[in-house]
Each structure stands twice: as structure tokens, then as C-alpha cells.
Amino acid sequence: MNLDDRLQEILANVDGAIACTLCGLDGVGVASVNKDPSFQVTAAEVEFATMLRTAEKAAKNLEAGDVEELLLISEKLMVVIKRVSSDYYLSLALSPDGNLGRARFEIKRSIPKLAAELSL
């Protein structure tokens, strides 16, 4: 199974899922799948990478340890961002009524598989 297939599997298993991306910390996408053509995946990848780097800086300043996961809940979108490795992260965007618990479960279940695909 390739990276796109793995991301598609996550998208298919989570109610309300909009897009799923695998990116480097520089915001450059490795793979992505998107159900909503109006969702700007490339812009989201850059923004999510920035959020993760900012959270890591805050965690370091607070001596809180490594950032494992970020959750953004806004009026129109929920996003789960989870580390795959020190260089990559996975993000899953959902509609506000999406199944957040299932999203977190599917991401956690997929991380070892994605890491293996990336040969980490």
C-alpha cells in the first residue's frame, strides 16, 4: 500500500473528514488526499507546519517535552496534527461535526505504517 492509499484509508474511516496530508516540517507535502476541492491543501500544509514549529518552540520554552499532537478547533474546521517522526507530520482536517475521536484513533493506528512507508 502506498502513502496515498494509507491517507485515503484514514479519510474513508472518519466521518466528516475533509483532507489528510503527510508533510515535512518545512510545509512541503509528501502525499495528500482531499474530498473537498475548495479546501486549499497546499496552503494548509504550510500553515500546519508553522503551527507545529510554533508549538514546539513554546513547549521547549516551557520545558514541557516534545509536542506529540496538536488540535485546532475553529468555527468551520477541526484539525488534528500528529508527528510521524522528527521530520514529518500527518494532518487530518474535519468538518465541525466530524468524528474527532475516530480521527485521533485512525491517525494513531496509521503512524507506524506511514513511518514504515517513509523508511524511518
Exercise for review: Among residues belonging to segment 67-91 that are among the hydroxyl-bearing types (Ser, Thr, Tyr) and over 13 Å from GLY29 (Cβ atoms), point out the one that is modelled with the highest pLDDT.
Suggested key: SER74
Practice item. Would you check if there is a residue in segment 11-26 being modelled with pLDDT under 90, of a type outside the set (Gly, Ala, Ser) and touching a strand residue (DSSP E or B) at 6+ places or on another chain (Cβ under 9 Å)? Key: yes
Practice item. Could you please find all residues in segment 75-104 being among the polar types (S, T, N, Q) and either under 14 Å from ILE10 (Cβ atoms) or surrounded by 18 or more Cβ atoms within 10 Å (Cβ to Cβ) (or both)? Key: SER91, ASN99
Review point. If you take the residues in segment 23-62 that are touching a helix residue (DSSP H, G or I) at 6+ places or on another chain (Cβ under 7 Å) and in a strand (DSSP E or B), which one is surrounded by the most Cβ atoms within 10 Å (Cβ to Cβ)?
Key: CYS23
Exercise for review: Taking GLU68 as meeting all but one of (1) surrounded by 15 or more Cβ atoms within 10 Å (Cβ to Cβ); (2) within 14 Å of the chain's Cα centre (by Cα), write down the number of the exception.
Suggested key: (1)
Point to revise | segment 105-114, subset exposed (fewer than 15 other Cβ atoms within 10 Å of the Cβ) and not charged (D, E, K, R), residue modelled with the lowest pLDDT | key: PRO112
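The values are calculated or read from the model by the stated rules, or taken from the named source; none is laboratory data. The structure displayed is predicted, hence computed values, not measured ones. Glycine gets a Cβ as well: all are built from the backbone with ideal geometry, and neighbour counts include every protein chain shown.
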